[in-house]
Amino acid sequence: MVEDITHAVEGSEIQVQTIPSALVAFLGLFNGLLREVSETAYQFDQTFIMNDSAAREAFGFEPTPWNDVIKDLVTAYK
């Protein structure tokens, strides 16, 4: 995702690093945002499946193509 955004803004490559989950949990004691990150860490550590078929059927939703998502994101920040 970060690579796709970087290419869309024609920027230089950036490095992405991780923070150990124990450090995030500790910092969450002092910062509410990091507390929430700690509580949802399982989403990054384990495979999980989200199913949107009920919303698609009920409301006629369709996913936005990934390239459109990136283009709209970059446009919003220019």
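The values are calculated or read from the model by the stated rules, or taken from the named source; none is laboratory data. Bear in mind that the values here come from a model prediction, so they are computed numbers and not experimental data. Methodologically, a virtual Cβ is constructed for each residue, glycine included, from the backbone with ideal geometry; neighbour enumeration extends over all protein chains shown.
Descriptive notes on the structure:
Per-residue answers, yes or no, for (1) among the small types (Gly, Ala, Ser); (2) at positive phi:
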| residue | (1), (2) |
| --- | --- |
| Leu29 | no, no |
| Arg35 | no, no |
| Met50 | no, no |
| Ala54 | yes, no |
| Gly60 | yes, yes |
| Thr64 | no, no |
| Asn67 | no, no |
| Ile70 | no, no |
| Tyr77 | no, no |
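- Subset of segment 36-78 (residues that are more than 30 Å from Val24 (Cα to Cα) and either modelled with pLDDT under 90 or touching a strand residue (DSSP E or B) at 6+ places or on another chain (Cβ under 6 Å) (or both)): Lys78
- Tally of residues being in a helix (DSSP H, G or I), within 17 Å of the chain's Cα centre (by Cα) and of a type in the set (Gly, Ala, Ser) across segment 24-75: 1
- Residues located in segment 1-51, provided they are within 24 Å of Trp66 (Cβ to Cβ), of a type in the set (D, E, K, R), free of Cβ contacts under 8 Å to residues at least 60 places away in the same chain and surrounded by 10 or more Cβ atoms within 10 Å (Cβ to Cβ): Glu3
- Any hit, segment 48-63, residues being under 25 Å from Glu3 (Cα atoms) and in contact with a Ser or Thr (Cβ under 7 Å, 6 or more places away or on another chain): no
- Complete set of residues in segment 19-31 that are modelled with pLDDT under 90 and out of contact with any helix residue (DSSP H, G or I) (no Cβ under 9 Å at 6 or more places or on another chain): Pro20, Ala22
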